[in-house]
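Below is one structure; the comments refer to it alone.
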Amino acid sequence: RSPAGMLLVAAGLLLAVAAGGRGSPAGEQESPPGSRFVCTSLPLEAAGAGCPLPPVPMQGGALPPEEELKATVLQLRETVLQQKETIGSQREAIRELTGKLSRCEGADGKSAAGTWKNEVGKGKDTMGDLPRDPAQVIDQLSRTMQTLKDRLESLEHQLRANVSYAALPSDLREMLQRRLGDLERQLLSKVAELEDEKSLLHNETSAHRQKTETALNALLERVSELEKGSSAFKSPDEFKVSLPLRTNYLYGKIKKTLPELYAFTVCLWLRSSASPGIGTPFSYAVPGQANEIVLIEWGNNPIELLINDKVAQLPLFISDGKWHHICITWTTRDGMWEAFQDGEKLGTGENLAPWHPIKPGGVLILGQEQDTVGGRFDATQAFVGEMSQFNIWDRVLRAEDIMNIANCSINMPGNIIPWVDNNVDVFGGATKWPVETCEERLLDL
């Protein structure tokens, strides 16, 4: 039987028993002597009209599925509440019946028991499946009511579970919760990312501001020096290095080093009257090869160009004590070389260390020949005189460019080694001085 049907049967039973009780509560007329309680079952069809079930809306109506589900849940909850109220009222009836039966047993226990037995013996419909003892009847009815209550609560839980999970398509509620959780995590991640970007931007801005302020301060100091006339040079490249003595400790050093080169052009202005030979204007040494690039005039020998310890004699004459512009070009292809003096090509040749690239990472020294990288100078090979505008390019310059540099038509700093003040250090008593203008050097020729 369904819970609702059992509830109706129990209610009919209680009403029938209450109607035939011998005793009554205070304030009611007691039943006449000789009355007996008769338990008569009522058919479900007769009691069904008294407890109509609320109609359950059918799926597929005019409302959306979610709204229909909500309405069904509300109606089921109302039904459960009504059934709980009915159970409560039946419990009151049970307590009332219990009191009456107790009074009956106290007044005439035997008569009540015999009457119950006679009624059963007469074949009346007394629900023979119930116990014959009235106390057991009450216990059975209580257990039945409790069972009905438990089943109703179980039904309510099942309905809630079904509506919450099975009735919602594709676990809609859990899906929504997951999506909300994902969105929240994405939002928090984006906020953290924006905070990190803000912090990085702040740090970069501070570093950039500090660099800018440092550069501006340096420029201001430089301008102040120029305004006061305390600067020795008119511009960063208008200076010369003076090496007045033939020693092994006066020299200049280029701070930058050379990359790997497959061709180069070296140009410089120099003035010397040393004898015999002007010495070594510059030398470039690398680990394993102290004579990677050397320009030297030693003793009574002609000026020579050494590349990877290979030698080519150059037709240059620069020991007359006047300013001369010297340019030397070289390429690893067939070891081709050219020698220019004062813008004019005076010699050319080949097979000077052909297919040998200039090694990187060495030391470039002005005024001394290196026997080891950066050291072991020989005073007899030291340069005596002055030099300026020492520049190196990583290609062979055109003859027109060399001519224009020599006659002061253009100013072309080297793209590998430019002649700038902060790139040249002097040691051992070598000094930097303001240099004559390019036009003044031309007049000295």
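Tabulated results
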| read-out | value |
| --- | --- |
| Segment 250-273, residues that are open to solvent by 20 Å² or more (accessible area, probe 1.4 Å) and not in a strand (DSSP E or B) | K255, K256, T257, P259, E260, Y262, S273 |
| Pair list, Cβ under 6 Å, 6 or more apart: segment 84-97 residue outside any helix (DSSP H, G or I), other residue surrounded by fewer than 17 Cβ atoms within 10 Å (Cβ to Cβ) and of a type in the set (A, V, I, L, M) | none |
| Subset of segment 413-435 (residues that are over 29 Å from Y262 (Cα atoms) and buried (at least 18 other Cβ atoms within 10 Å of the Cβ)) | A430, V435 |
| When residues of segment 341-355 are limited to those that are open to solvent by 30 Å² or more (accessible area, probe 1.4 Å) and not basic (K, R), the one farthest from T280 (Cα to Cα) | W355 |
| Members of segment 321-339 that are of a type in the set (A, V, I, L, M, F, W, C) and either farther than 30 Å from S273 by Cβ or not assigned by the TED database to the domain that holds E386 (or both) | M336 |
| Segment 320-346, residues that are closer than 17 Å to C438 by Cα and part of a loop (DSSP other than H, G, I, E, B) | G321, K322, W323, D342, G343 |
| Members of segment 292-318 found to be of a type outside the set (A, V, I, L, M, F, W, C), open to solvent by 30 Å² or more (accessible area, probe 1.4 Å) and farther than 21 Å from I402 by Cα, listed by number | N300, N301, P302, N308, D309, K310 |
| Test: G367 is surrounded by fewer than 21 Cβ atoms within 10 Å (Cβ to Cβ) and either aromatic (F, W, Y) or on the phi > 0 side of the Ramachandran plot (or both) | no |
| Condition met for E369 (modelled with pLDDT of 95 or more and in contact with a Phe, Trp or Tyr (Cβ under 9 Å, 6 or more places away or on another chain)) | no |
| Qualifying position, being touching a helix residue (DSSP H, G or I) at 6+ places or on another chain (Cβ under 6 Å) and modelled with pLDDT of 75 or more, among K255, K198 | K255 |
| Subset of segment 294-308 (residues that are within 59 Å of the chain's Cα centre (by Cα) and without any contact (Cβ under 8 Å) to a residue 40 or more places away in the chain) | L295, L306 |
| Sole residue being over 25 Å from G252 (Cβ atoms) and either in contact (Cβ under 8 Å) with a residue 24 or more places away in the chain or in a helix (DSSP H, G or I) (or both), chosen from N404, N351, N422 | N404 |
| Count of segment 244-299 residues which are of a type in the set (D, E) and under 21 Å from I416 (Cα atoms) | 2 |
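The values are calculated or read from the model by the stated rules, or taken from the named source; none is laboratory data. Owing to the predicted nature of the structure, the values given are computational and were not obtained by experimental measurement. With ideal geometry, Cβ positions are generated from the backbone for all residues, glycine too; neighbour counts draw on all protein chains shown. The accessibility values were calculated without ligands, DNA or RNA, using every heavy atom of the protein model including side chains. Shrake-Rupley method; radii C 1.70, N 1.55, O 1.52, S 1.80 Å.
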